[in-house]
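Some notes on the structure that comes next.
The values are calculated or read from the model by the stated rules, or taken from the named source; none is laboratory data. Quantities reported herein were computed from a predicted structural model and do not represent experimental measurements. Every residue, glycine as well, gets a Cβ built from its backbone with ideal geometry; the counts of neighbours run over all protein chains shown.
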Amino acid sequence: MKIIKIMVCVLSVVWGMSANAAEDIISLKGKEIFGYNQPYYHFDDAQYGWKDRYNIVALVNPNNFPVSSYEQGSVFTKIFDDLAKKEHIVISFYYPRDYQTSIENFEKKIVDSFSGANTVFGVYYENIPYSKNEYIYPTFFENQIHIITAAQKKANMNNKEDLKNYKGVYAATDNFSSFILKEFANLGIKQVKDFPEAYKALLSGEADYIAGSYYPGIIEAYKLGIRDYVVFSKDAVWKIPMFIRTFPEVARHPRIAYLKRYFKSQRYKKIRDEALQELVDIYKENTKGIVPPTYIKIATPETSSESKENAPVSTTTDSKEMSE
């Protein structure tokens, strides 16, 4: 198994007994690199008590921003800084070159000797018969999938079944569970290359809606300069739980009880939600002045697209979600 021999997002460098976190772990990559300013999450000389720490080394999907990204870093880097300070659990990220093969090998306990990974971060629940590996409960994040439509365009989408009456698309680069992909197939939602192609189909009139993950969808809308031309359903139509999956010996480690307690806490939820909102705000601020593409034909901009969202579509939860 070929794995990039670089640990891209190390969440801590441990020396001594102090717990002094870096004050600023967000930097912005300049426009000359990707055409717009974007955040990159990283740690600068963070320190935690080495005698009391428990290390989790996680394989992560290199193309699942903002949960994980080889180019931009994970927003959870900032969130897990608090975990390391509060519970002395240190999580390090490794980005494999071939993520799917790495996952399959992990389930069979075939792990690259360099990474030494004992967990996978951000996976959807799937029934893998040959695996004896375990999920850590509770879920640490729910990927919320919304219906995205053109601003001021009327559509009678009051429940999920109504979606069959309209042309829907989703981005191949978005990350969904197999359950959701089956739902899309049943509803006739077609795959397109990526979010830019999905938004082009939507705003040129080739599609009536996009089924998309909230944070990747709204960030891409800012990057394209079309945030005021699209609206997101008030409620998520699907909520897909994401887990940390581990070897059994990791799941049974006493420190994992602390991790579970942290995921259940209001402290964690507050820090998580604030970090994700901060990410959106960074893109909002650093994409001001971008000229919308010329393909827009059917939408006019809302004066406040963030407050005037569509009426809710009935929600459902991934049937594979499990209770603790």
Does Asp194 satisfy the condition of being farther than 22 Å from Asn175 by Cα and out of contact with any helix residue (DSSP H, G or I) (no Cβ under 8 Å at 6 or more places or on another chain)? no
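Would you pick out the residues in the range 202-214 that are in a helix (DSSP H, G or I) and within 24 Å of Asn159 (Cβ to Cβ)? Give the derivation first.
At the first step, the residues of the range 202-214 found to be in a helix (DSSP H, G or I) are 202-203, 214.
Result: Leu202, Tyr214.
Is one or more of the residues making up the range 200-208 crowded, with 18+ Cβ neighbours inside 10 Å, modelled with pLDDT of 95 or more, in the same structural domain as Tyr170 (by TED's automatic domain parsing) and in contact with a Gly (Cβ under 7 Å, 6 or more places away or on another chain)?
We begin by selecting, within the range 200-208, every residue crowded, with 18+ Cβ neighbours inside 10 Å; these are 200-203, 207-208.
Right, trim to modelled with pLDDT of 95 or more and you get 200-203, 207-208.
Retained after the next criterion (residues that are in the same structural domain as Tyr170 (by TED's automatic domain parsing)): 200-203, 207-208.
Pick out the ones that are also in contact with a Gly (Cβ under 7 Å, 6 or more places away or on another chain) and you get 207-208.
Taking every residue of the range 200-208 in turn, at least one turns out to be crowded, with 18+ Cβ neighbours inside 10 Å, modelled with pLDDT of 95 or more, in the same structural domain as Tyr170 (by TED's automatic domain parsing) and in contact with a Gly (Cβ under 7 Å, 6 or more places away or on another chain).
For (1) assigned by TED's automatic domain parsing to the domain that holds Ile219; (2) within 15 Å of Ser233 (Cβ to Cβ); (3) without any contact (Cβ under 8 Å) to a residue 24 or more places away in the chain, each residue gets a yes or a no:
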position	(1), (2), (3)
Tyr130	no, no, yes
Glu134	no, no, no
Pro138	no, no, no
Lys160	yes, yes, no
Tyr166	yes, yes, no
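Let's see how each residue does on (1) under 30 Å from Gly225 (Cβ atoms); (2) outside the structural domain of Gly217 (by TED's automatic domain parsing); (3) more than 20 Å from the chain's Cα centre (by Cα):
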| site | (1), (2), (3) |
| --- | --- |
| Glu249 | no, yes, yes |
| His253 | no, yes, yes |
| Ile256 | no, yes, yes |
| Lys260 | no, yes, no |
| Tyr268 | no, yes, no |
| Ile271 | no, yes, no |
| Glu278 | yes, yes, no |
| Tyr295 | yes, no, yes |
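If I ask for residues that are part of a strand (DSSP E or B) and among the aliphatic types (A, V, I, L, M), which ones from the range 57-71 would you list? Step through it out loud before you land on a result.
Step one: of the range 57-71, the residues part of a strand (DSSP E or B) are 57-59, 63-64, 68-69.
Of everything in the range 57-71, those that are part of a strand (DSSP E or B) and among the aliphatic types (A, V, I, L, M) turn out to be Val57, Ala58, Leu59.
For the structure I just gave you, tell me whether Val169 is of a type in the set (Val, Ile, Thr) and either modelled with pLDDT under 85 or within 26 Å of Phe80 (Cβ to Cβ) (or both).
On the way: of a type in the set (Val, Ile, Thr): yes; either modelled with pLDDT under 85 or within 26 Å of Phe80 (Cβ to Cβ) (or both): no.
Criteria not met by Val169.
Would you confirm, using the coordinates I've provided, whether Gln152 is at pLDDT below 85 and either touching a helix residue (DSSP H, G or I) at 6+ places or on another chain (Cβ under 9 Å) or surrounded by fewer than 21 Cβ atoms within 10 Å (Cβ to Cβ) (or both)?
Values: at pLDDT below 85: yes; either touching a helix residue (DSSP H, G or I) at 6+ places or on another chain (Cβ under 9 Å) or surrounded by fewer than 21 Cβ atoms within 10 Å (Cβ to Cβ) (or both): yes.
Yes.
From the list Lys167, Lys108, Lys160, exactly one residue is in contact with a Ser or Thr (Cβ under 9 Å, 6 or more places away or on another chain), basic (Lys, Arg) and under 30 Å from Val230 (Cβ atoms). Which is it? Don't jump to the end; show me each part of the working.
Numbers: Lys167 fails: in contact with a Ser or Thr (Cβ under 9 Å, 6 or more places away or on another chain); Lys108 fails: under 30 Å from Val230 (Cβ atoms).
From the options Lys167, Lys108, Lys160, the qualifying one is Lys160.
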Given (1) in the same structural domain as Arg255 (by TED's automatic domain parsing); (2) within 21 Å of Val60 (Cα to Cα); (3) touching a helix residue (DSSP H, G or I) at 6+ places or on another chain (Cβ under 8 Å), where does Gly116 come up short, assuming only one miss? (3)
Before we move on, is Ser131 in a loop (DSSP other than H, G, I, E, B) and surrounded by fewer than 19 Cβ atoms within 10 Å (Cβ to Cβ)? yes
Might you check whether a residue that is crowded, with 20+ Cβ neighbours inside 10 Å, more than 21 Å from the chain's Cα centre (by Cα) and touching a residue at least 40 places away in the same chain (Cβ under 8 Å) occurs anywhere in the range 48-70? yes
Can you tell me which residue among Phe247, Phe232 is within 18 Å of Tyr170 (Cα to Cα) and of a type in the set (A, V, I, L, M, F, W, C)? Phe232
Which members of the range 201-240 meet the condition of being charged (D, E, K, R), over 23 Å from Asn165 (Cα atoms) and touching a Ser or Thr at 6+ places or on another chain (Cβ under 8 Å)? Lys223, Arg227, Asp228
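Looking at this structure, is Ile189 in contact (Cβ under 8 Å) with a residue 60 or more places away in the chain and either touching a Cys at 6+ places or on another chain (Cβ under 7 Å) or not assigned by TED's automatic domain parsing to the domain that holds Ile91 (or both)? Quick ask: steps written out before the conclusion?
Numbers: in contact (Cβ under 8 Å) with a residue 60 or more places away in the chain: no; either touching a Cys at 6+ places or on another chain (Cβ under 7 Å) or not assigned by TED's automatic domain parsing to the domain that holds Ile91 (or both): yes.
No, not satisfied.
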On the basis of being in contact with a Phe, Trp or Tyr (Cβ under 9 Å, 6 or more places away or on another chain) and within 30 Å of Lys85 (Cα to Cα), does Pro241 make the cut? yes
